[in-house]
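Reading through the structure tokens given below for one structure.
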Amino acid sequence: MDNRNSSRAKPAVSVIIPSYRRFAPLLDTVEAVLAQKAAEFEILVVDQNPLWPEALLRRKVQLAADPRVKWLIRDRPGVVAARHDAVDAAEGDIFVFIDDDVKILDPFFLARHLANYEACPELDVVVGREVYQGQTVPPIASFPPTRDQALRFDRMRPERCEVIAFCTCNSSVKRDAFFRVGGFDESFYGNAYGDDYDFAIRLGEAGGRFVYDPQAWLIHVQAPSGGLRMSDTKNRLDEKKKIYPSVLFLLKNWQRPWRWHLLWRVLRRSVFLKTNLTKPWRQPAVVLGLCQAWREARVAVRHGPWSRFGPEKV
């Protein structure tokens, strides 16, 4: 049976959590999802860790044994590929993407995502609210719909509105809408920054309907280590892999009015990065990596986006 075309009378949710070197935060996140109410769901963890701390193994085994949890193992870390591994194994009609270092205090978090689709069957994406640790949560208000492009949207705003945005920290998408554009572009690798924005833009151009619902909120803890956190000294990527995703996103959107903002973001993450400015002897390697990333990204743009869920291009 092809899970991609499954359907149910009431939508079921597949919660997708890729994880890399975030051990206790991941287990806390899984426990928070397991406590959800008023929603039929499964959890797909994509574990990219070769070794786990012994002190956490028993807790991990207990959570993985829950019948609602599918604990997938990926030997080669890669966040976009890890999400697609989870999609391959998912059975839900709605995919909910969250990070592996979030707190979900609302037991109806998933139900709030679902309620949007039940109220509006034409809807394709729900973007949830992202609150940071220590932030106060202002009251929620309703405002007339607006349609905002991905880069200009504030995911902490209290107003419900129509958007074109997607963030894999807290967003959901219908199964058929996800496959309509082939999922994420697997040309993104390394830090993979921009793959979710790219997905939003492609789905928006394909006629997808999005809504931002601040009632579907969670707290992004922003664990200092693991994941894609570049401040983590154990997250060692060469200079090309550090900047390649940002360069790829820039070149894919070069004709858009915000290309200068994207160009500045590339420079700010490479030659103008504070660490590189204070340690100028790093600059030759940084500039070389930037040139290599630019050359490789140009090739990727010419070939077009690629995904295992499309024939050759998404």
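Every number here is computed from the coordinates shown, using simple stated rules; none is lab data. Every value quoted in this text rests on a predicted model; they were computed, and no experiment measured them. Every residue, glycine as well, gets a Cβ built from its backbone with ideal geometry; the counts of neighbours run over all protein chains shown.
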Problem - Estimated dipole of the range 11-220 in Debye, rounded to 20 [Cβ of Lys and Arg +1, of Asp and Glu -1, Cα centre] - result: 360
Exercise for the section: Would you please give the residues with an amide H less than 5 Å from that of Cys161, counting only those at least 5 places away or on a separate chain, with H modeled from the backbone geometry? Expected result: Tyr212
Completion exercise
With label points set 7 Å from each Cα along the Cα-to-Cβ direction at Arg59 and Glu91, the distance between them in nm comes to 2.8
Handout entry: Segments 285-296, 201-212 sorted - mean Cβ within 10 Å per residue, highest first
Key = 201-212, 285-296
Handout entry: Cα→Cβ-extended label distance, 7 Å offset, between Glu205 and Leu51, nm
Key = 4.5
